[in-house]
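The values are calculated or read from the model by the stated rules, or taken from the named source; none is laboratory data. As the structure is a computational prediction, the values presented were derived from the model and not from experiment. Cβ coordinates were reconstructed from backbone atoms using ideal geometry, including for glycine residues, and neighbour counts include every protein chain displayed. With ligands, DNA and RNA removed, areas are computed over all heavy atoms of the protein, side chains included. Shrake-Rupley method; radii C 1.70, N 1.55, O 1.52, S 1.80 Å.
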Amino acid sequence: MKRGIRPIVALTILCVLLPQLTAAARKRRTTGASHARSARRAVPRRPPGPPALVVPAAASARDVAVSEAARHALGDLQGAVVAMDPYSGRVLAVLNPYLGLSTAYEPCSVFKIVVAIAGLTEHVVTPDTVYNCAGGCWFWPGHGPINLRRALAVSCNPYFEWVGERLGYERIQKYAYLLGLGSPTGVNLPGEAAGRIPLSVPLSRVGHVSSHAKGVGTTAIQLAVLMSAVINGGIVFEPQVAGPAGFVPKERWRLPPQVVVGGLTEGFLGAVNEGSAANAFDPDVIVAGKTGTCAGVGWFASYAPADKPEVVTVVFTRPGTGHVASAVAGRMYQYLYKSSSAAATPATAGY
């Protein structure tokens with residue numbers, strides 16, 4: 001762990017139970033064989049410990065509240081949570097950095113954000129462009145005529161397959177790189193994975209990549225940077241785990257002015273209010289985001305309050321689904337904004 005970063009929880013409990021050998025078995029074995037087998041038995045498999053919780057060394061009361069909300073929300077699930085200020089790139093908390101930073105997984109339908117931005121910017125679609133989802137979707141009868149906003153909300157696969165095929169993989173790849181995927185974010189924590197963006201994709205697979213992110217690998221911290229860029233108007237930050245006092249944001253780059261990052265909010269809100277992230281819904285906390293489910297993993301990249309974002313949260317669960325991940329985020333936001341445990345902390349502290 002780098003200087004200035006301390007894990008609050010990093011405990012590993014190891015229990016080993018050695019089987020007893022009967023006296024008759026001892027007599028049948030030679031001394032050398034017995035010693036060899038005993039040596040092999042003396043190397044136990046280390047079970048995974050509880051997740052590590054990383055907060056800034058000079059954490060504010062708000063940082064601590066966010067970290068406790070993340071730990072409370074994830075509970076016994078295997079996964080990770082990254083919480084970040086979308087307007088500065090300051091990382092408030094990382095729960096289980098191994099899964100959140102050091103390992104890349106398919107982002108599943110969260111990758112549809114990249115395809116949507118590419119489609120809007122390249123004038124392939126508008127937020128109101130309609131495509132008829134007649135089947136072949138996770139919703140087997142099909143969604144019928146559906147526009148981009150609704151397609152984001154319900155995570156319609158045929159819609160994004162159609163958009164991706166019209167774009168072509170080279171343009172999808174371009175926007176994935178622009179949004180910070182496929183390379184380390186530069187976060188000041190050790191062991192960050194770069195993720196992966198395929199160099200090329202056969203024409204027959206472009207649709208599947210567009211809807212399911214097949215072959216793409218991302219980390220939770222990369223998706224937090226991506227979602228922040230969507231919210232803040234196109235700034236791709238170098239995230240930093242640091243306290244608020246004297247914090248200076250680090251920009252990696254800004255998206256070209258022609259890149260369209262607007263027009264997605266209604267889809268993100270719809271996902272929570274009536275779509276794939278309904279488990280995060282709460283009438284008192286306005287949440288917006290995008291789920292992802294594939295290959296046994298679940299994602300939810302979100303922000304709250306949606307009308308004036310204070311924090312971007314990316315939840316990853318393995319095994320899991322987007323529904324599970326959105327439920328984790330929902331519990332986190334409820335704990336943060338509604339529970340008595342966090343009520344003593346001013347809502348604007350640390351921002």
Please sort 79-90, 167-178, 268-279 by packing, taking for each peptide the average over its residues of neighbouring beta carbons within 10 angstrom, highest first. 79-90, 268-279, 167-178
Rounded to the nearest Å, what's the spacing between the alpha carbon centres of region 104-146 and region 268-287? Just the number, please. 19 Å
Past the 21 Å Cα-Cα mark, which pairs from Lys112/Lys338; Lys250/Lys338; Lys174/Lys214; Lys214/Lys250; Lys112/Lys214? Lys112/Lys338; Lys250/Lys338; Lys214/Lys250
Per residue of region 181-188, what does 6.51 cos²θ - 1.76 cosθ + 1.60 with θ = phi - 60° give for ³J(HN,Hα)? Whole Hz please, x for Gly and Pro, Karplus curve as stated. 7, x, 8, x, 6, x, 4, 7
Label-point separation in nm, Asp284 to Gln78, each point 7 Å along Cα→Cβ: 3.5 nm
Apply the Karplus curve 6.51 cos²θ - 1.76 cosθ + 1.60, θ = phi - 60°, to the phi angles in region 199-210 and return the couplings in whole Hz, x for Gly and Pro. 5, 8, 9, x, 3, 5, 10, 4, x, 5, 5, 5
Please list, in chain and number order, the residues 5+ apart from Trp253 or on another chain whose amide H is under 5 Å from its amide H, with Hs placed from the backbone. Val236
Once ligands and nucleic acids are excluded and a 1.4 Å probe is used, how much of Trp253 is accessible, expressed in Å² to the nearest 10? 80 Å²
So for each of 95-103, 202-210 I average, over its residues, the number of other beta carbons within 10 Å; can you give me the resulting order with the highest mean first? 95-103, 202-210
